[in-house]
Each structure stands twice: as C-alpha cells, then as structure tokens.
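K.L.:
Take this structure first; my questions come after.
Each reported figure results from applying straightforward, stated rules to the coordinates on display, with no laboratory input. Because the structure is a prediction, the values reported are computed rather than measured. When we count neighbours, we look across all protein chains shown, and the Cβ atoms used for this are built from the backbone with ideal geometry, even at glycine.
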C-alpha cells in the first residue's frame, strides 16, 4: 500500500504549469542573445559573461565595478583570475575592471586555429567594441603585455587612455641578430618538449620554481599560489597553450611599441626569471615614447602576487593621475 496521497488532476496541471513558468523565468538573460551582441552596461543587464567573436570563438570575461575603465590581459597559460587582486583593489576604488580569458585559455573556447598575437589582439578589439570600451587603461602581464602592444599596433589608441606593461614579453623574447640579448630557441624548444611530455608536471614545476621565485633561497613558498597557477594552466586547451609558446616568444613587438602615443607605465622585477628584464623592459622603455619605468628590486615575474601591495598602489596611482 502506497503512502503517497493522491493528487487532484487539476491541481497537478496547475503545479506543472507553475514549475514550467518558473523555469522559463530562471533562464539567464543571455540565452536568447544573438552572437556578438552584449546588453548595455547596467546593474540589471550585466549578467552576461561571454562574448562570441566573428569566427565563433566564445570569450569569457569579468566585468567588475563602475567608473573609468581598466582592462587586464593575463599571462600564459593563465586566466583572468590571475588579476583578481588588482581588479578587486581598483574596482573597490572607483574603477570598472574588465578582464577576459584569452581564446584557448580558462573558460573561453578552445579553437584549433587563431592562437597567435594578431588574433588575440583582434579578439580584444571586438570585445572592446561590444562593451563600448572608451578611454581605457590597458594593463598586460607577460604574454598579456604582448597582447596590449599588438592591440595598439593593430587598432591604435582611439579607445585607450593609458597603458601598463608588467613583466611583459615585448619587444621580443627570442634571441635574434637584431636582439642578441634574447633567449635562444633551445629554451623554448625545451618548454615545448617538457609540455608535450607531461604538461601537468611541467606546469607544477614552473609554478613551484621560477614563476613566483620560489626557487630562491629564503623564499616564502605559498602552496596555494602553486595550486592556483597549476589549476589555471590545466584549464587551457592543450594545443592552444602549446601554440601560445611560439606566440609569446617569437612575436616581434618593436613596431607596435613605436606606435604607443598614450602615457605608458612599464613595471618589471629585476629578478624576473621568466622574462629577464634586460631584453624586455629595459628595451621597451626606450621604444615607447616618454614611458615611465618602475623596477621592483628583487621582484619576481609574478608581481601581482609576490609584490601585490606595491603593485596595487602603483596601478591605482597611475590610474588616478
């Protein structure tokens, strides 16, 4: 004998109808939004966190706070989460902070093609147009610094007010006849070999050692930072992150840097083991007209984590200036 009480058929129909209506109301607002369009910037409309580019790639982005716009481009093989401390600080001080996961990284699509700096810059230009970004302060770290440079080189500064390159790869990481101080190709071939052999262990090794400077004597090691970096790296597409090694190491941004015509702050740690300062910031600061160079003594590649308070203060002061 069942313990379930009988339900009146008419009442059941009313319940089903109510549940269906509730489910329809709970659907996210962007479900019916056509690709490439984004609701206007308002507290009610900003429920959408993805944008679809012209080639069908879906980009995930964060949009925090309100006020003058600051955009963030992350390093390899990370996500917008790498900027969370800086975004929180600036958004808490009256700025609107926008950061995206580059194609093939994080929560964005993993297309087989387009894993190059030109496409990264064009993706960003489409996102800026969709969000109607104007007078932005563009901030880029490492590979993201290359993305900022290539964006300005290809799309100009009509939407840009200022720029920050932090631990950035420009003008070019690779050693060439024109860049004798760069790193030899064998270094990047080693990256690719280790990546293909066991990318999970490779990511763990990078995070446990040179990225945060945890391999230095007396370094205060954070297992949390290591795990966060590893997790973000493992979210990247296998081919996307592989292709990006070539993009960040072999792309020459010299011509892009010469097109900068906005106030630019270049920040670099003098103990950066990933992007050595001599062949990067020291050269970029000469190529960008009237650039301001800040060198963090003993600074690592990940200043946003290991020199967080100093970086947050410097970024806020530059944004307000």
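K.L.:
Using a/c under 1.5 as the rounded threshold, could you call the range 177-321 rounded, prolate or oblate? The axes a ≥ b ≥ c are square roots of the C-alpha gyration tensor eigenvalues, and prolate needs a/b larger than b/c, oblate otherwise. List each step's numbers first, then the result.
P.N.:
Details: a/c = 1.84, a/b = 1.24, b/c = 1.48.
Since a/c reaches 1.5 but b/c is at least a/b, the shape of the range 177-321 is classed as oblate.
K.L.:
Now, a different point. Report the residue, chosen from 141, 155, 100, that carries the largest GNM mean-square fluctuation when the chain is represented by alpha-carbon nodes joined by springs under 10 Å.
P.N.:
For the chain, modelled as a Gaussian network with Cα springs under 10 Å, the answer is 155.
K.L.:
While we're here: Given a Förster distance of 45 Å, report the FRET efficiency between residue 54 and residue 92 from their Cβ-Cβ distance, rounded to the nearest 0.05.
P.N.:
0.85
K.L.:
Moving on to the next point. Residue 158 to residue 221: extension gain in nm, 0.36 nm per residue of separation minus the Cα-Cα distance?
P.N.:
18.5 nm
K.L.:
Using a Gaussian network model on the chain with a 10 Å cutoff between Cα atoms, which of 171, 68, 276 fluctuates the most?
P.N.:
In this elastic network of the chain, the residue with the biggest mean-square fluctuation among 171, 68, 276 is 68.
K.L.:
How far is it, in nm, from the label point at residue 198 to the one at residue 118 when both lie 7 Å from their Cα along the line to the Cβ?
P.N.:
Computed distance between label sites residue 198 and residue 118 equals 3.8 nm.
K.L.:
Taking the Cβ-Cβ separation of residue 254 and residue 135 as r and a Förster radius of 22 Å, what is the calculated FRET efficiency to the nearest 0.05?
P.N.:
The value I calculate is 0.25.
K.L.:
Treat the count of other C-beta atoms within 10 Å as a stand-in for reagent exposure and order 229, 112 from fewest to most. Numbers along the way, then the final one.
P.N.:
Numbers: 229 25, 112 10.
Final ranking by Cβ density, sparse to dense: 112, 229.
K.L.:
Would you mind ranking 147, 186, 250 by Cβ crowding within 10 Å, fewest neighbours first? Walk me through the numbers before you get to the answer.
P.N.:
Numbers: 147 29, 186 9, 250 16.
Lowest to highest Cβ neighbour count: 186, 250, 147.
K.L.:
What is the range 45-320 by shape, rounded, prolate or oblate, if you read a ≥ b ≥ c off the alpha carbon gyration tensor as root eigenvalues and call it rounded for a/c under 1.5, prolate for a/b larger than b/c, and oblate otherwise?
P.N.:
rounded
K.L.:
Additional query: Helix-derived [θ] at 222 nm for the chain: sum -39500 (n - 2.57) over DSSP H runs of at least 4, divide by residue count, nearest 500? List each step's numbers first, then the result.
P.N.:
Details: 11 runs with 131 residues, N = 321.
One gets -12500 deg cm²/dmol as the mean residue ellipticity at 222 nm.
K.L.:
Further, regarding this structure: For residue 175 and residue 231, calculate 0.36 nm times their separation in residues minus their Cα-Cα distance, and state this gained length in nm to one decimal.
P.N.:
Result: 17.1 nm gained on full extension.
K.L.:
Say we join alpha carbon atoms closer than 10 Å with springs in a Gaussian network model of the chain; which of 247, 255, 82 then has the biggest fluctuation?
P.N.:
255
K.L.:
Could you tell me which of rounded, prolate or oblate describes the range 211-252, using a ≥ b ≥ c as the square roots of the eigenvalues of the alpha-carbon gyration tensor, with rounded for a/c under 1.5 and, failing that, prolate when a/b is larger than b/c and oblate otherwise?
P.N.:
It comes out oblate by the Cα gyration axes.
K.L.:
Shifting gears a bit: Taking the Cα centroid of the range 185-238 and of the range 96-175, what is the distance between the two, rounded to the nearest whole Å?
P.N.:
23 Å
K.L.:
As a footprinting exposure proxy, order 83, 64 by other Cβ within 10 Å, with the fewest listed first.
P.N.:
64, 83
K.L.:
Next up: With an 8 Å cut-off on Cα pairs and a minimum separation of 6 or more residues, tell me the relative contact order of the range 45-320 in percent. It would help to have the intermediate numbers written out before the result.
P.N.:
On the way: 552 pairs, mean separation 55.8, N = 276.
Over the range 45-320, the number comes to 20 percent.
K.L.:
Still on this model: Determine the gain in length on full extension of the stretch residue 320-residue 189; use 0.36 nm per residue of separation and subtract their C-alpha separation, reporting nm with one decimal.
P.N.:
43.0 nm
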